[in-house]
Amino acid sequence: MAIPAATPSPSLNLLPADETAALNRPDVPVSVFSDAVRRVDRRLAEAFDHQVPADQLVTARAAAVDRILSALWGSRLGAFAGRPALVAVGGYGRGELHPASDIDILILLPDHTVAGDTDTLERFLAELWDIGLEIGQSVRTVEECVQQAVADLSVVTNLTESRLVAGDAGLFTAMRAATAGHAMWPAQAFLEAKRAEQAARHRKFHDSLYNLEPNIKEGPGGLRDLQMVGWVLKRHFETDDLYELVSGGFLTDSEYVALMEGQSFLWKVRCGLHLMTGRAEERLLFDHQRALAERFGYRPDDHHLAVERFMKAYYCTVAELACLNEMLMALFDEVILGKGSDALPAPINERFRNRGGQLETTHEGVFSEQPSALLELFLVLQQHPELSGVSAPTIRQVQAHLHLIDEGYRHDPANLRLFLDILRQPQGITHALRRMHRYGVLGAWLPAFGAVEGQMQHDLFHVYTVDEHTLMVVRNLRRFTVPEFHHEFPYCSDLIDTLPSPELLYLAGLFHDIGKGRGGDHSELGARDAFDYCIRLGLTRREADFVQWLVKNHLIMSVTAQREDISDPEVVAAFADKMGDRGHLNYLYLLTVADIRGTNPTLWNDWKNALLWQLYNATLRMLRLGPEKPTETPDLVRETQEVAWLRLSQGSFARDEVDALWAEVPEEYFLRHSPDEIQWQTAAILEAHREGRDRLVRVRPQTHRGGTEVFVYAADRAFLFANATAVLDRLGLSVLDARVITTASGSALDTFILLGEEDLRPVVEPARQREIERAMGEALAQSSAPPTPPQRLMERRLRQFNVPTEINYYTDTVNHRSIMEVRTGDRPGLLAHLALVIAHCGTRLQAAKVTTLGERAEDIFFLTDMDGEPLDHAIVQCLDKAIHDQLG
């Protein structure tokens, strides 16, 4: 393959010679310069639409701006133009200007200027803005440049890539000499500081390449990482020719091509973003991904949207660039900082040795002679925590020998034992898998995993690519085993220590989503892959069946907890029957917690934690009783009442007044509420009765259910629930769960679990709690229907989706009620709209479970008619029409 030039010559000319000449005439008005800027911008956009390569676009824009600035400089400064220097810095200094990038300039002043000179420069800078250029400017003397550069790494970085546009060349040369590496920030200090800067920048993006809306400039593997390489070249090697990396032995020809192709791809994306938004937008926002995919000609295939294919190309590109950056930084550390260069190698075995904390091969032929060493390398890293990484030459050797990982290699018993050993190590499993992923080994070793590398799902629920999510799940599982994180999930940490074979859990984590992107049920596909792989690993049939079961059922606990009434013993019994024994329940519980936490950082909250914990404990109780001892409803009711009474008895309440109140409450109240909730609500009602009040609102900031609990007690009426949800919506609160109970005397006991809509946290501020009580109290006084909730502006990313509304009905014969499932696009005020519809159609609400999955809402309502019967056809028709009318 031919090697491209390091700095492409701009064959594209955005400002022809005759137009440049017109700018250099005497007394050219501002309007002529403005017209020139507009023509440059228009031609740039047209060239982009005609598929002109981005490297030509950015260099051509820089060249055109050079001509405009130079002409304006000469025109406006007159005789003074030769004394200061007009210097391009930053990206403009590199000769790279993207369509909306700021034009960073330095005006370098001689030591002595007069007041008139300052006025002239100020008029020049003002005219730059007047003609339509986005300028970032600084005005300094050489001495001031030195002072600023010594104190500020960003200043010396800008000056390192500066070039003269117009003015005094001698002044510019003096500044370059005064700020060069021999004068300040020598290469060693510069590299160490830039390395720290890069690490801090990566942390802002959670050290992940695979964010839902990546920053193509600042994120890991982005353009800043490429620029980092260029800065080191300029500072230490005094060259801006990236091909010097090949000449100096830092890169091979193929790696250099990959580097340049990656840069071209990111430049193309950045140009598209700038032109589409009309500003220096560096975030590949959800809003823009579809438009860019279409603009770049991506097309959908059988199982992937066009935008998913575009984003896969993006993620694979930045992954390759991140790996090249890691390798180059390791080489620079060795050459510039001398890390490990003079350290004596300490043998580890015949294949590997430790040189200065870096793992390296004993000779270049290790992998070709003993291919199993491609996996052994990661095991050695786990077993030798004194090693901080892998030497750059060894990384290159690994990647050069990936072709050895073929079907024969994957079936070799020695290699299979090595991989299983990696999963059985007491430490370093996550780091080993992530490093295998970065170097390309994991995708080669597990082709099904390689197929999902860089694969995104274009929704707001999954914020990571499939491969990144998978490794996050394994990381979460491993985190349960680390003592310093015990406080995060104490029970999970205690539970995982009891597992006889935790590697089975890690295998389930690796395979749980590996079937995505193929069409069909990914759980089924992944389960088959997992079984076959476990058999190949040499696990027993029983162990392979167990991992297969975990992968096939990895969603069942989450779905049951969030979409079914887990206070219903029948629901718990059915779930317990699927578990079969405590071992299956323990493994699945741990996998479920790790999976939800690894899907979206905002998805996990105390509410979900409480739901899963409630289902786990209820199932554990059911399994302990065994199928031969089913729990009867009266037994559960009596048990719950006794626990609640023990708590109430500590106060001033007599047993007979408590029993009198409870006699009016149906059995389902005691099944659907905890003893803690029953004690709190009973006490509140009895206190209200003593005070002669027949209604009340109480707020508890945080409960065992993981959210703020709002309890409403009032005379039941048609629009009570609708008025309550309208108030909560108006207050910006997100309802997660609602339970509605009606007593024999016609009072409503409504319980809401909610979080703040913005932060998804319990409402702990006393003033906010009083606001809820006051507003809900006012709602209780209203007997009419609330007004239709106003349309509110949707969040930016929600507007990108048009989720069709789907309504399904089921009959719960055991509990003599209907279940309505509404799937629709999430939007502000959704529950308030649905509550109003339910009231208008003459139904009674028993309970509601509200689930938001990114852009989708999946809400479950447990309903009867006004006589307590399941819904008939007429009511279903009424609900269908009204919901579709409301939601579309």
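The values are calculated or read from the model by the stated rules, or taken from the named source; none is laboratory data. Computed from a predicted model, the values in this text were never measured in an experiment. Don't worry about glycine lacking a Cβ; one is built from the backbone with ideal geometry, like all the others, and counts go over all protein chains shown. Remember, those area values only see protein heavy atoms, side chains included, never the ligands or the DNA or RNA. Shrake-Rupley method; radii C 1.70, N 1.55, O 1.52, S 1.80 Å.
The mean sequence separation of alpha-carbon pairs under 8 Å and at least six residues apart, normalised by the residue count of the stretch 472-538, gives a relative contact order of 23 percent. Sorting E255, E244 by accessible area puts them as E244, E255; the probe is 1.4 Å, largest comes first, and only protein heavy atoms count. Across the stretch 682-697, coupling constants 3J(HN,Hα) worked out from phi with the 6.51/-1.76/1.60 Karplus curve, θ = phi - 60°, read 4, 4, 5, 5, 5, 5, 4, 4, 4, 8, x, 9, 10, 8, 7, 9 Hz, and Gly and Pro carry x. Straight-line cross-link reach from K552 at under 13 Å between alpha-carbon atoms covers these aspartates and glutamates, not counting any fewer than eight positions away in the same chain: D513, D521, E524, D529. For the chain, the longest principal axis of the C-alpha atoms and the axis of helix 413-424 are separated by about 70°.
What is the helix-to-structure angle for 502-511, meaning the angle in degrees between its Cα long axis and the longest Cα principal axis of the chain, kept from 0 to 90 and rounded to the nearest 10? Long axis of 502-511 versus the principal axis of the chain: about 70 degrees. The residue among G249, G221, L292 whose Cα reaches farthest toward the positive pole of the charge dipole of the stretch 204-332, with charges on the beta-carbon of Lys, Arg, Asp and Glu, is L292. 3J(HN,Hα) along the stretch 856-871: 9, 10, 10, 10, 10, 10, 9, 10, 9, 7, 5, 9, x, 9, x, 5 Hz, from the Karplus curve 6.51 cos²θ - 1.76 cosθ + 1.60 with θ = phi - 60°, whole Hz, x for Gly and Pro.
Legend: translational diffusion of the stretch 455-608 by Stokes-Einstein, Rh = Kirkwood radius over C-alpha pairs, 37 °C, 0.692 mPa s; D = 204 µm²/s. Under 5 Å between amide hydrogens, built in the peptide plane, is the criterion, and for V139 it picks out I107 among residues at least 5 positions away or on other chains. What the phi angles of the stretch 515-528 give under the Karplus curve with 6.51, -1.76 and 1.60, with θ = phi - 60°, is a coupling list of x, 6, x, 9, x, x, 6, 5, 5, 5, 5, x, 5, 5 Hz, glycine and proline written as x. When only alpha carbons are used to place a centre, the stretch 529-575 and the stretch 458-488 end up 19 Å from one another.
Taking only Cα atoms of the chain, what ratio of Rg to Rh do you get with Rh as the Kirkwood inverse-distance radius?
Numbers: Rg = 33.4 Å, Rh = 32.0 Å.
That ratio is 1.05, to two decimals.
Post the alpha-carbon centroid distance, the stretch 827-865 to the stretch 726-765, in whole angstrom. Comparing the Cα centres of the stretch 827-865 and the stretch 726-765, I get a distance of 13 Å.
The accessible-area ordering, largest first, of the residues E639, E543 stands as E639, E543, per a 1.4 angstrom probe.
When the accessible area of the chain is computed with all protein chains present and a 1.4 Å probe, what percentage of it is carbon and sulfur?
After summing per-atom areas, the C and S share lands at 50 percent.
Of the trypsin sites (Lys or Arg not before Pro) in the stretch 626-733, the ones in a loop by DSSP (not H, G, I, E or B) with at most 13 other beta carbons within 10 Å are R693. Once every Cα of the stretch 280-349 carries one equal point scatterer and solvent is ignored, give the base-10 log of I(q)/I(0) from the Debye formula at q = 0.14, 0.17, 0.22 Å⁻¹, two decimals. Per q value, in the given order, log10 I(q)/I(0) is -0.63, -0.74, -0.99. Taking amide hydrogens as placed 1.01 Å from N in the peptide plane, the amide H of R817 sits under 5 Å from those of D812, each at least 5 positions away in sequence or on another chain. The value of relative contact order for the chain, using C-alpha pairs under 8 Å at least six residues apart, is 6 percent. If Lys and Arg each add +1 and Asp and Glu each add -1, what is the summed charge of the other residues whose beta carbon sits under 12 Å from the beta carbon of R823? For residues surrounding R823, the net value is -4. Within the full protein context, the accessible area of I535 is estimated at about 80 Å² for a probe radius of 1.4 Å. Measuring max minus min along each principal axis, the C-alpha atoms of the stretch 402-506 give extents of 44, 39, 18 Å (largest first).
Normalized C-alpha radius of gyration of the stretch 29-85, against 2.2 N^0.38 Å? Numbers along the way, then the final one.
Values: Rg = 14.0 Å, N = 57, 2.2 N^0.38 = 10.2 Å.
Relative to the 2.2 N^0.38 Å estimate, the stretch 29-85 comes out at 1.37.
Within the shell defined by Cβ-Cβ distances under 12 Å, the residues around S34 carry a net charge of -2, with Lys and Arg each +1 and Asp and Glu each -1.
What number comes out for the charge environment of E453, summing +1 per Lys or Arg and -1 per Asp or Glu over other residues with Cβ under 15 Å away?
With Lys, Arg at +1 and Asp, Glu at -1, the net is +2.
Heavy-atom accessible surface of T498, to the nearest 10 Å², is about 90 Å², with a 1.4 Å probe and all protein chains retained.
Over the chain, DSSP H runs of length four or greater, each weighted -39,500 (n - 2.57), average out per residue to a 222 nm ellipticity of -16500 deg cm²/dmol.
Close amide H contacts of D865 (hydrogens built in the peptide plane, cut-off under 5 Å, sequence separation of 5 or more or a different chain): R844, L871. Think of the chain as having a plus end and a minus end, set by charges on the Cβ of Lys, Arg, Asp and Glu; of G90, G450, A574, G90 sits farthest toward the positive end of this dipole. Simple rule: put +1 on each Lys or Arg Cβ and -1 on each Asp or Glu Cβ in the stretch 796-872, find the dipole, and look at F862, A847, N802; the Cα lying farthest toward the positive end is N802.
Can you pull the percent of Cα pairs in the stretch 598-707 with separation above 21 Å? Write out the running numbers ahead of the final one.
Numbers: 2914 of 5995 pairs.
Of all Cα-Cα distances in the stretch 598-707, 49 percent exceed 21 Å.
Using a 1.4 angstrom probe, figure out how much accessible area the chain has per residue, in square angstrom, rounded to the nearest whole.
Value for the chain: 42 Å² per residue.
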